[in-house]
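Before any comments, here is the structure.
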Amino acid sequence: MPDLIHSLLHQDIGHLRIIAELWGLELDSTDSDSARDELSASLLDFNLLADHLASLPPEADSALAALIASNGRIAWATFARQFGDIREMGAGKRDREHPHRNPTSTSEILFYRGILARAFFDTDKGSQEFAYIPDDLLLLLSRTKKNLANFAGLAVNNSVPLGRPASPAEKGKEILADDSILDDATTLLAALRMGRADYQSAPRLVALLISANLISNNTTRAEPVKTFLEASRTDALKMLHDSWLASDTFNELKLMPSIVCEGEWKNSPRDTRNAILGYIQTIPANKWWSVTEFIRAIKQSQPDYQRPAGDYDSWFIKRASDGQYLRGFDSWNEVDGALIRFFINTLHWLGRLDLAVAEGTAEATAFRIGSKVEGRTSDFRLSTFDEKGKIGVASNGKISIPRDAPRVVRYQIARFCAWDERGLDTPLRGYSTTRNEYKYHITAKSLKHAKEQGLKAEQLLSLLVKHTDNKVPPPLVKALKRWDANGTQARMETQTILRVSQPEVLEEARKSKAGKFFGEILSPTAVVVKSGAIQKVMEAMIELGLFADIEE
């Protein structure tokens, strides 16, 4: 950053005299260049600086503490939002109104003392305006205060947790973390492999599996999926967690269901993720923490955790419920605050923390992280079972697969079957009538669909024999073998039948306009009506002098 003399380079003699007045100095110089040199030498006097700092109001101390804690500079939008703006005025108006004698903000207090400057600096996100302390003045400030972390008591301490412990009411009903995301992932991968549309209603899970390299271009990737499904539950969960942690494509902000993001602007999901994780890592292990107070503390101390230079206007974000645009810092709670809540829920979804819901509320009011291992939160409350469960098969083709059966087996069997959707509670987890059991049934249509994907019924039979300890009912074995040999040998249809009272009536109808809508003749008084032709046949029958009645 520029030093003091370069920070004052564009200030006129009037501004330099204001600085001198506030420091109790008299300038001998009459031109700007000489006055700048004279003033800089005085302001960088160690003893004078110490005396001047002691005279500053508490709010100025707070602003300096924030700047020092941020290595001397803060995005101007962020700094001005917290400590106020500087009124824009020309030299004439300034000299008439004397704003330094009646400052309207903390920023003006420091600006007219020459301690605060503002300028544009290049960053990895482009040129951005910052509030800053000139470099040589910042160095002197570090000598003035032995412990910058205690300067004004407000410097950011990355080891101090944000927020507070949860109150008894906030603890409410506990929802312990688990690894059921693995079961949802198995269901989604099978659905996607079968060409089902179910995966479209689970965008967050789809995004996670993309980041884990299990999905690409709306198709599953055979080898990575095989590795994932055959891994232990602990290793599989770690695969998902680690891929999420490093992902640039899993964008929590754009996955939030409460908002709609439009336009070509870009955010940095990985930087945002690291910032929020940093705040969470400071929270004591195994202690319930208030969600609301955690979010409020971030808003107070680190509101721009995801916003480059505190920009709240260039991102086009709408409220999903009514299409209202959410712009400016006033929308922080609905966007940035809501994102922190969504992030906490995502960590719970990944098995990393517990949630609690207070009575009468729908959202989590408290969360709890697990013990720390080597400085990181360990995997928390995972499954206590190995995937050794056996599946159940009935002679009518019904299959029950418990949650503790191998995921790879359920994935394979699901591809041969129709899925029992009774008891559906979410688009994916639902294919189970309970949380711990998934139900399927074998049909001619499902076998035909499997055959189109290159699967054979004998492969399904082999799976069933192996994972039921050879307890597949003989009638089902016979049916599967017949299917492999002959395909469908029986067919059931739903058709519309026209029945008349006498054969002569049917013969007359066949010769009329209605005749082209008839299909197979079933008897002298019954004929199949082609699909979608009921109304046409009824109209033709009226022209024959007959009213036809429809029986439901």
Under a plain spin-label model, where a point goes 7 Å from the Cα along Cα-to-Cβ, how far apart in nm are residue 81 and residue 122?
2.7
Relative to the Cα centre, what is the charge dipole magnitude of region 187-305, using +1 at the beta carbon of each Lys and Arg, -1 at the beta carbon of each Asp and Glu, and rounding to the nearest 20 debye?
240
Going by how many other beta carbons lie within 10 Å of each one, how would you line up 81, 101, fewest first?
101, 81
Between 0 and 90°, nearest 10: helix 135-144 axis offset from the chain longest Cα axis
80
I'd like the orientation of helix 457-467 relative to the chain: the angle between its Cα long axis and the longest Cα principal axis, in ° from 0 to 90, rounded to 10.
70
At R0 = 51 Å, FRET efficiency that the Cβ-Cβ distance of residue 334 and residue 551 yields, to 0.05:
0.40
Can you give the Rg to Rh ratio of region 4-153, both from alpha-carbon atoms, with Rh computed by the Kirkwood formula?
0.94
What does the convex hull of the Cα atoms come to per residue for region 496-543, in Å³?
62
18 Å Cα-Cα reach of residue 536 towards lysines, excluding residues that sit fewer than 8 places from it in its own chain
511, 513, 516
Just to check I understand the Karplus step: with θ = phi - 60° and J = 6.51 cos²θ - 1.76 cosθ + 1.60, what whole-Hz values come out for region 104-120, glycine and proline as x?
9, 7, 5, 4, 5, 4, 6, 5, 6, 9, x, 7, 10, 9, 9, 6, 8
If you rank 500, 465, 225 by fewest surrounding Cβ atoms within 10 Å, what's the result?
465, 500, 225
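How large is the helix-only mean residue ellipticity at 222 nm for the chain, computed as the sum of -39500 (n - 2.57) over DSSP H runs with n ≥ 4, divided by its residue count, in deg cm²/dmol to the nearest 500?
-12000 deg cm²/dmol
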Once the Cα gyration tensor of region 168-377 is diagonalised, what are the square roots of 5 times its eigenvalues, in whole Å and ordered largest first, as equivalent ellipsoid semi-axes?
28, 23, 16
Test of understanding: extend the Cα→C-beta vector of residue 105 to 7 Å, then name every residue of region 306-320 with backbone N under 20 Å from that spot.
307-314
Region 4-153 - charge dipole about Cα centre, Lys and Arg +1 at Cβ, Asp and Glu -1, debye rounded to 20:
560
Report the residues of region 317-355 in range of a label on residue 264: point 7 Å along Cα→C-beta, backbone N strictly under 19 Å from it.
317
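At a 10 angstrom cut-off on C-beta neighbours, averaged per residue, how do the peptides 17-26, 325-334, 87-96 rank from highest to lowest?
Descending mean neighbour count gives 17-26, 325-334, 87-96.
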How would 471, 511 line up from fewest to most surrounding beta-carbon atoms within 10 angstrom?
511, 471
May I ask for the angle, rounded to the nearest 10°, between helix 181-194 and the longest principal axis of the chain, with both axes built from Cα atoms and the value confined to 0 to 90°?
50
Can you give the Rg to Rh ratio for the chain, taking only C-alpha atoms and Rh from Kirkwood?
1.20
Using +1 at the Cβ of each Lys and Arg and -1 at the Cβ of each Asp and Glu in the chain, identify which of 46, 348, 131 lies farthest towards the dipole's positive end.
348
The chain - charge dipole about Cα centre, Lys and Arg +1 at Cβ, Asp and Glu -1, debye rounded to 20:
3120
Note down the nm distance, to one decimal, between modelled labels 7 Å out along Cα→Cβ at residue 361 and at residue 219.
4.7
R0 = 45 Å: FRET efficiency of residue 456 with residue 248, Cβ-based, nearest 0.05?
0.65
Could you tell me the distance between the Cα centroids of region 400-416 and region 22-93, to the nearest Å?
69
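Greater than 21 Å separation of Cα atoms is the criterion. Which listed pairs, 171/287; 451/481; 254/287, meet it?
254/287
Values in this text are rule-based calculations from the coordinates and carry no lab data. All values reported here derive from a predicted model rather than from experimental measurement. Positions of Cβ are generated from backbone atoms using ideal geometry, with glycine treated the same way; all protein chains shown enter the neighbour counts.
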